[in-house]
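Only one structure is covered here, and it is reproduced in the block below.
The values are calculated or read from the model by the stated rules, or taken from the named source; none is laboratory data. Because the structure is a prediction, the values reported are computed rather than measured. Counting neighbours? That spans all protein chains shown, and the Cβs are built from the backbone with ideal geometry, glycine included.
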Amino acid sequence: MTNVEYAVDDDTIAVVEDTDLPRRLKDNVYETLEGRDGVTVEDADELAKAVEARYLDTRVDPLDPVGTVSAQSIGEPGTQLTMNTFHYAGVAEIDVTQGLPRLIELVDARKTPDTPMMTVYLEDEYATERERAHEVVWKIEATKILALGDVSTNVADMRVQISLNRDTLEERMITPEEVAEIIEDNLGVSTVQQGTEIQFGPEEPSYRDLLQLVEELRDITFKGIEEVSRVVIRREEMDDGDEQFVLYTEGSAFGDVLEIEGVDASRTTCNNIHEIHRNLGIEAAREAIIEETNNTLAEQGLDDVNVRHLMLVADMMTNRGEIESIGRHGISGSKDSVLARAAFEVTVNHLLNAAIHGEIDSLQGVTENVIVGKPIKLGTGDVDLRMGSTSPGGSGGQAD
Amino acid sequence: MVDVSQHELVPDHSVLDEDTLEEVLEEYDIDRTDLPKIKRNDSALPDEAEIGDVIKIVRNSRTTDQAVVYRLVVE
């Protein structure tokens with residue numbers, strides 16, 4: 001017997017479990033029954049049967065063009081999305097591309113999003129103590145020289161002088177010796193370090209080289225991950241009611257962050273589907289595509305788009321084990337039919353190449369049959385009907 | 001190294017044995033090459049999986065309780 005968490009009697013469970021409903025709908029039925037007084041087994045049976053009938057009725061029919069329906073169901077609300085790259089300062093003052101540009105970015109499977117970001121969850125004491133959470137922040141956020149102290153150029157002696165701020169160094173857990181060493185490694189100069197003062201200069205006195213060194217010095221990442229320009233720390237309430245520190249980053253380096261101590265590698269995510277694919281595999285990428293497209297629509301109040309449509313899109317994009325874009329360079333461009341490809345974009349190129357290679361179109365799809373004027377193989381178009389009966393003895397049904 | 005399978009975005013992956021595979025292919029009336037694919041270097045792939053194996057994936061579905069899908073290991 002299946003375990004049911006709801007306060008209903010065994011007979012009711014028996015009639016509900018007997019139906020052809022998926023788990024979630026069964027649970028919904030139990031919930032409804034639980035909330036009502038004086039429900040007899042007959043009532044429960046009637047309700048379960050009604051739900052089942054409705055469920056079977058709303059399933060997709062064989063030969064239904066689900067792709068076309070999905071395209072329309074996402075396309076129509078898509079017309080209501082914001083068209084400009086609207087930066088929305090929602091979560092923790094971090095700019096994130098929203099609306100139509102974001103949706104296009106997702107279905108085009110761009111290598112990097114316009115505004116990459118990560119949501120980093122922390123584990124154990126890192127999530128509850130601000131001090132510990134900050135330790136993780138300094139390991140993620142890229143620290144440049146200007147954050148550590150002042151840089152000045154002494155033109156008379158041809159020297160670059162850095163005066164580091166001791167408090168900042170302590171806070172970010174880096175020593176002046178380390179700073180000096182990183183400078184030597186990156187710029188190939190020898191430095192003189194005394195306390196918090198660091199000095200260095202070009203080998204030959206040259207005004208140009210001196211300025212060049214200062215330029216390069218500013219680009220060095222002393223601590224943290226180069227791609228991450230900013231980290232915002234926020235205290236958030238979790239589903240279980242506890243409060244935790246959560247980090248939001250501008251810029252992303254998903255693989256690197258997962259390795260950092262204190263980062264919860266089971267919940268941390270980023271908005272770059274390719275990074276998710278690389279680090280967590282194709283199934284996680286599919287999950288992320290659904291999640292991201294759904295959130296983009298929900299953000300604009302269009303969350304009544306059925307998630308099944310988005311799931312279909314994600315399934316198609318991940319079907320070959322890698323992320324493919326929708327469109328000429330991806331799924332539409334890899335169709336078997338020449339005519340279907342030619343009808344989509346760059347018509348002449350496709351026809352020319354097909355002619356050169358002697359391609360044959362077997363006219364299986366929709367587009368090519370519309371072009372040649374044949375019924376499409378969908379719905380009633382794929383069903384052959386015959387008059388009368390073929391069974392011997394003529395006992396079959398009469399044609400009408 | 002991070003244990004990828006612990007991430008909440010990653011569903012359960014397991015290698016399907018040949019007998020069960022036959023049943024699955026018969027049920028859907030398809031060849032194994034008709035299945036969706038998964039690359040051999042996929043991070044979530046079990047270590048013992050080889051090219052030509054079929055992976056059973058049990059997703060936490062949004063529309064039903066659990067959804068079982070299959071992917072063929074390629075390349």
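Among the residues in region A:76-97, are any exposed (fewer than 13 other Cβ atoms within 10 Å of the Cβ) and at pLDDT 90 or above?
yes
Considering each of A:265, A:253 in turn, give the residue that is under 25 Å from residue A:178 (Cα atoms), of a type in the set (Gly, Ala, Ser) and within 14 Å of chain B (Cβ to nearest Cβ).
Just one listed residue meets the conditions, A:253.
Results for (1) in the same structural domain as residue A:98 (by the TED database); (2) in contact with a Pro (Cβ under 8 Å, 6 or more places away or on another chain); (3) free of Cβ contacts under 8 Å to residues at least 60 places away in the same chain, shown as yes or no for each residue.
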{"site": "A:210", "(1), (2), (3)": "no, yes, yes"}
{"site": "A:215", "(1), (2), (3)": "no, no, yes"}
{"site": "A:219", "(1), (2), (3)": "no, no, no"}
{"site": "A:228", "(1), (2), (3)": "no, no, no"}
{"site": "A:237", "(1), (2), (3)": "no, no, yes"}
{"site": "A:241", "(1), (2), (3)": "no, no, yes"}
{"site": "A:248", "(1), (2), (3)": "no, no, no"}
{"site": "A:264", "(1), (2), (3)": "no, no, no"}
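For every residue, the table says whether it meets (1) out of contact with any helix residue (DSSP H, G or I) (no Cβ under 8 Å at 6 or more places or on another chain); (2) within 13 Å of another protein chain (Cβ to nearest Cβ); (3) not in a helix (DSSP H, G or I).
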| residue | (1), (2), (3) |
| --- | --- |
| A:327 | no, no, yes |
| A:333 | no, no, no |
| A:360 | yes, no, yes |
| A:364 | yes, no, yes |
| A:375 | no, no, yes |
| A:389 | yes, no, yes |
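Among (1) part of a loop (DSSP other than H, G, I, E, B); (2) within 14 Å of chain B (Cβ to nearest Cβ), which single condition is residue A:36 missing?
Failed condition: (2).
When only residues in region A:1-18 that are away from chain B (no Cβ under 14 Å) and within 38 Å of the chain's Cα centre (by Cα) count, which is farthest from residue B:64 (Cα to Cα)?
A:6
Could you please let me know if residue A:271 is surrounded by fewer than 21 Cβ atoms within 10 Å (Cβ to Cβ), touching a Pro at 6+ places or on another chain (Cβ under 6 Å), within 13 Å of chain B (Cβ to nearest Cβ) and modelled with pLDDT of 90 or more? Walk me through how you get there before you give the answer.
On the way: surrounded by fewer than 21 Cβ atoms within 10 Å (Cβ to Cβ): no; touching a Pro at 6+ places or on another chain (Cβ under 6 Å): yes; within 13 Å of chain B (Cβ to nearest Cβ): yes; modelled with pLDDT of 90 or more: yes.
No, not satisfied.
Look through region B:21-52, keep the residues that are touching a residue at least 24 places away in the same chain (Cβ under 8 Å) and more than 13 Å from every other protein chain (Cβ to nearest Cβ), and return whichever of them is farthest from residue B:74 (Cα to Cα).
B:24
Is region A:298-309 home to any residue that is closer than 24 Å to residue A:254 by Cβ and more than 11 Å from chain B (Cβ to nearest Cβ)?
There is at least one residue in region A:298-309 that is closer than 24 Å to residue A:254 by Cβ and more than 11 Å from chain B (Cβ to nearest Cβ).
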